[in-house]
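Values quoted throughout were computed directly from the atomic coordinates according to the rules given, and no laboratory measurement underlies them. On a predicted model such as this, the values are computed, not experimentally measured, just so you know. Glycine gets a Cβ as well: all are built from the backbone with ideal geometry, and neighbour counts include every protein chain shown.
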Amino acid sequence: MGPIHCRLTVFKDSEGARKVRYDVSPPGPNPVVIEAELRDDELTKSTIRRLNRFIGGKPDFCEHDDLQILGRHLYHILFDGVTAVDGARTNKMLGERFIETYTQFEKDFEEVKRQTGTDPEIRFRMTLIFKEGMDELAGYPWEFLYVPGPNNTGFFLAGEKGELILTRFVPELGTPKAKPADEKLTILVAWSQPRELGPVSESDTVVAINQLAENIKNSLSGKNIEVIAFPRATHDGLKRMIETKKPHIVHFIGHGQVRQGRSTIALMKPKEQLELDQAERIRQGLRGSPDEADYVDGDSVRALFIAEPPRLVFLHACNSDKAPDSLEVFRSASQQVLHANVPFVVAMQYEISNEDATQFAKTFYEKLGEGLSIDEAVKSGRNELGKKKPAWGHPRFGTPVVYLQADDNVIVKKEIKPEQPLSFTQACPYGCGKNISNDQTRCSAATCGQGRKFKQCPSCRKANPIAEPECLFCNHTFADKQIAGGLTAEGAAILGPAEEKLLLTSSAPGGGSIIAPQDTAAAAAQTKSPQTSGPGQQP
């Protein structure tokens, strides 16, 4: 099995009809264009808007049922329309097609997991793409999409299933030019806390990122990691820091305000400006200190990243009574950052507690350090938040949003170790009834014919009788001729004749082992040999 990528593109057609296009990769032998009309009636949209306001304003009063109702309405908009295939209307809804695709993927995933005893590193990705003119729908909290199922088997698409990843893709903004972190990973943590707007929760985040930097170094063969802390960030200072240090990740923590109808982020005034403001207050006979906030608009935010766009910007909004607009402002700022050719942006769409924000950041950077992609790291962070009590009953898990402009969203390239042949137990393919390890050269049962060789299928790794033209288990076709080195032309390992019975200990699913008896003389011969035969090698 392989990964599945499902893209849902929301758009208006030439006649103004609002539709969703459903693309799946790989597309299968007969690719078709599948489209459906959106079910965005006014009742559905007004329900979503009201629930969205409730969740954003009173997150601690939400219950699982509230989030499920919101998620089901979001599902209704995208998936409850009747599909047309290559322009011909059908009687099947888009949701049926999606569930068929995902159910088959899930079955294949569980089968590989059963055979190998580990979770396969294979994912089902769903990407939402909103074209021009679909701004209202793009602003909905799609991270709460809920897939219905019989007998309470439904689930939240963003995070509740470990193998399923939900992201938002932002098209038509150009090709981002940011660089991957091949030799050195630089993380810039900047924060701004003007006195008049209240404190920000930077300390826990900085500590967490520094701890994770050490973990990354240890887990990636000493990879060079630099974490730069930049407190009291001014606009010019932050811009200069980004252009000189060229960080791969910028994590900004601060406040925002809507001023004169425009979204602004509160950075710090430069020292010189504060001194001038203080002198003016003294001249006017005013007491106290001047305001420290320098409110910068979207154009100024975008200017921070134009010259040297980092690979990822993480916008961490801190709400306070004196800055109640921070979340709305940071949502707007994320769009400005994307327009600066930053390929990946993570932002929060609801207020989040310091504890939850720190836990999410810890998991997120931990997974990045392990070499996982940004969208998978976000999924892992959501999953951690969702499992907190009440499990999947608090909006914290749907608060992080990830925007992508490129498919290659890995920050830290992990070392790829040579693939090792999978070892597991199976029934002897000659039908004697004994269990064998798939990498044995022959069956050890006395009742099984002597000298019967096995060959290992390169596709499913199972042992097959030497004369079989096709794998008995996955129908892989073997080459007709054996070539030098014990390999068939297409690479199936020949498990050749043994002079004596071999001692073969191999990991079985669940940590068990299979041990076949070995003749002492054969053991001595193997010990004296300078090279030891292994699976796929001629002894």
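Expressed as a whole percent, how much of the Cα-Cα distance distribution for segment 4-169 exceeds 29 Å?
22 percent
Quick one: order 367, 379 by neighbouring beta-carbon count within 10 Å, fewest to most.
367, 379
I need the calculated FRET efficiency for the pair residue 370 and residue 136, taking r as the beta carbon distance and R₀ as 56 Å, to the nearest 0.05.
0.90
Given a Förster distance of 45 Å, report the FRET efficiency between residue 25 and residue 196 from their Cβ-Cβ distance, rounded to the nearest 0.05.
Between residue 25 and residue 196 the formula returns 0.35.
With label points built 7 Å along Cα→Cβ from the Cα atoms of residue 271 and residue 477, find their separation and express it in nm.
Roughly 7.6 nm, to one decimal.
Based only on other Cβ atoms within 10 Å, what is the fewest-to-most ordering of 471, 448?
Ordered from fewest to most neighbouring Cβ atoms within 10 Å, 471, 448 come out as 448, 471.
Sort 393-400, 287-294 by the packing proxy (mean of other Cβ within 10 Å over each peptide's residues), most packed first.
Result, highest mean first: 393-400, 287-294.
Given a Förster distance of 35 Å, report the FRET efficiency between residue 286 and residue 240 from their Cβ-Cβ distance, rounded to the nearest 0.05.
Given R0 = 35 Å and the Cβ-Cβ separation, E is 0.65.
According to a simple spin-label model (label point 7 Å from Cα along Cα-to-Cβ), what is the distance in nm between residue 279 and residue 425?
Going by the 7 Å Cα→Cβ label model, 8.5 nm.
Quick one: length gained pulling residue 470 to residue 435 fully straight, 0.36 nm per residue minus the C-alpha distance?
Length gained, residue 470 through residue 435: 10.5 nm.
Can you sort 316, 476 so the residue with the fewest Cβ neighbours within 10 Å comes first?
Fewest-to-most Cβ neighbours within 10 Å comes out as 476, 316.
Full-extension gain between residue 53 and residue 5, please, as 0.36 nm times their residue separation minus the C-alpha to C-alpha distance.
14.1 nm
Subtract the Cα-Cα distance of residue 354 and residue 82 from 0.36 nm times their separation in residues, and report this length gain in nm to one decimal.
93.6 nm
Rounding to the nearest 20 debye, state how big the charge dipole of segment 4-169 is about its Cα centre with +1 on each Lys and Arg Cβ and -1 on each Asp and Glu Cβ.
200 debye
Mark the label point 7 Å from the Cα of residue 60 along Cα→Cβ and return the residues of segment 344-369 whose backbone N is within less than 11 Å of it.
Label zone hits: 353.
Using label points projected 7 Å from each Cα along Cα→Cβ, tell me how many nm separate residue 14 and residue 407, to one decimal.
With each label placed 7 Å out from Cα toward Cβ, I get 2.8 nm.
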